[in-house]
1. Taking the simple approach of a point 7 Å from Cα along Cα-to-Cβ for both A196 and D423, what is their distance in nm?
2. Hey, if you drop one equal point scatterer on each alpha-carbon of the stretch 186-277 and run the Debye formula without solvent, what base-10 log of I(q)/I(0) do you get at q = 0.12, 0.25 Å⁻¹?
3. If one computes the Cα centroid of the stretch 373-440 and of the stretch 243-316, what distance in Å separates the two points?
4. Beyond 15 Å, what share of the Cα-Cα pairs of the stretch 296-392 remains, rounded to the nearest whole percent?
5. Which value results when the Cα radius of gyration for the stretch 198-348 is divided by 2.2 N^0.38 Å?
6. Could you tell me what % of all Cα pairs in the stretch 134-257 have separations over 20 Å?
7. How big is the chain on each of its three principal axes, counting only the C-alpha atoms and giving the largest first in Å?
8. Nothing charged except the Cβ atoms of Lys and Arg (+1) and of Asp and Glu (-1): what's the magnitude of the dipole of the chain about its Cα centre? Round to the nearest 20 debye.
Amino acid sequence: MAFKQGIEGCLEQGIGAGGLSADVLDQYLEKLGPRMHSLHEAYESGSLPILRVAERRDDIEPMREAFGKLTEGAKTIVFFGTGGSSLGGQTIAQLGGWGIPGDNGDRTGPNPRTRFYDNLDARTLERALANLDLETTRFILISKSGGTPETLVQSMAALQAVRHAGLEDKANQLFLGLTEPAQDGKKNGLRDLCDAFGIPTLPHDTGIGGRFSALTNTGLLAALARGIDPVEIREGASQVVSALMSDKNPTDFAPAIGAALQIGLAKEKGVKATVMLPYSDRLGRFAAWFVQLWGESLGKSGEGTTPVAAQGPVDQHSQLQLYLDGAEQHLITVLRPGGAGTGPRIAPDLAKTAHADYLAGKTAGDLVAAQQKAIPQALIDAGRAVRTIDIETLDAKALGALLMHFVLETILSAHLLDVDPFDQPAVEAGKVLTRKYLGA
Ligand SMILES: O=P(O)(O)OC[C@H]1O[C@H](O)[C@H](O)[C@@H](O)[C@@H]1O
């Protein structure tokens, strides 16, 4: 496995009264037995496509082909889409340096820029469309339902901009859509829009909801945009599915242990928030992706815990005080990619001048690696719940495995809360009112 989960800091023996006793943890794990069994069955029968997505290869070539064609001569690739139609892509793109100032990933030579506009802001959209060179910009429009108004507004505004630039005839070369295939009796605005302009579309898997779709073409197009091999991401995810299928007991399966800890701590110890704290710029959006996955999948029927996206070490300087000394209601998951010995090495004379002798001859990675050890230990010393995930090498495989781990941890947690992880019924209320206020 690409990483190792450490749970000492969640147990009574590690942190005292704030942790779960071994017996209580076992009780929660036992409750997961039937769900593990049903997941095995769902894998065998193919009834839960998310369990089979990692081994799919048939969709890679069509995706590569559509992407290759789209991006010929492109200088900028714009992704429109929101929630699950963006966060998985952002997470994968960030592994390839997107969203990190000065990092172009491992790609060489001139590559198109990548931009994700997942938040609709009138001013941003107006300025972006005014400033983009529309001849060398390509737009990827992603919406599973094809009816999300933010994405429709972005898509229509971009089409209008292209029209005003006299490029309407080329719309089928400048745009690519990704949405559900046409289904009888189901309206899909994005699909109809694409069809009207002859814009090619890739199919969104109908059996995989947006927040679970990072490992489908929805997320993997972003891998192509950043020169990351989508197959490697899936290979990493496959390792977790293989573990699910070979581990008969929840006690041996890391996502089951994670779910038992999360929900056990919530129910028994009042842990109301779960904080994702990766020590890497390349995992910043992973934490944001996790927030949607956890929040929308579990926050229903009065259940769920609040997901928080954090990042190390920067948030040691903003959030850590709360976690170490505030209300005892957080579980901190520290993602540790290591990094000792990497990055700039500090000359001893400068360290001396800066009154930081302890940094003399050390690298930037040495400092961050020491922090990755120190903060979990400080949390343990304070009796606060902390889990560590040690990542051997932060690469496409490891990211694929992390994505699948947390998908399964979430699905298993839903079982412990007795909620359906795959719907988000409450979100509808806001959409209905929005339409009403627009006079619909
Ligand atoms: O992919 P789409 O259909 O455009 O949906 C995008 C997002 O919007 C919705 O409001 C849901 O709450 C999210 O779960 C979903 O990921």
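The values are calculated or read from the model by the stated rules, or taken from the named source; none is laboratory data. Computed from a predicted model, the values in this text were never measured in an experiment. FYI the Cβ positions are ideal-geometry reconstructions off the backbone, even for glycines, and counts take in every protein chain you see. When the accessible area is computed, the model is the full protein with side chains, heavy atoms only, and any ligands, DNA or RNA have been set aside. Shrake-Rupley method; radii C 1.70, N 1.55, O 1.52, S 1.80 Å.
1. Result for the modelled spin labels: 3.2 nm.
2. Computed log10 I(q)/I(0) values: -0.65, -1.24.
3. 5 Å
4. In whole percent, the long-distance tail amounts to 69.
5. Numbers: Rg = 18.4 Å, N = 151, 2.2 N^0.38 = 14.8 Å.
Taking the Cα Rg and dividing by 2.2 N^0.38 Å, one obtains 1.24.
6. Summing the P(r) tail past 20 Å for the stretch 134-257 gives 54 percent.
7. So the three principal-axis extents are 67, 61, 43 Å.
8. Values: 42 positive and 52 negative charges, 189 e Å.
That gives a dipole near 900 debye.
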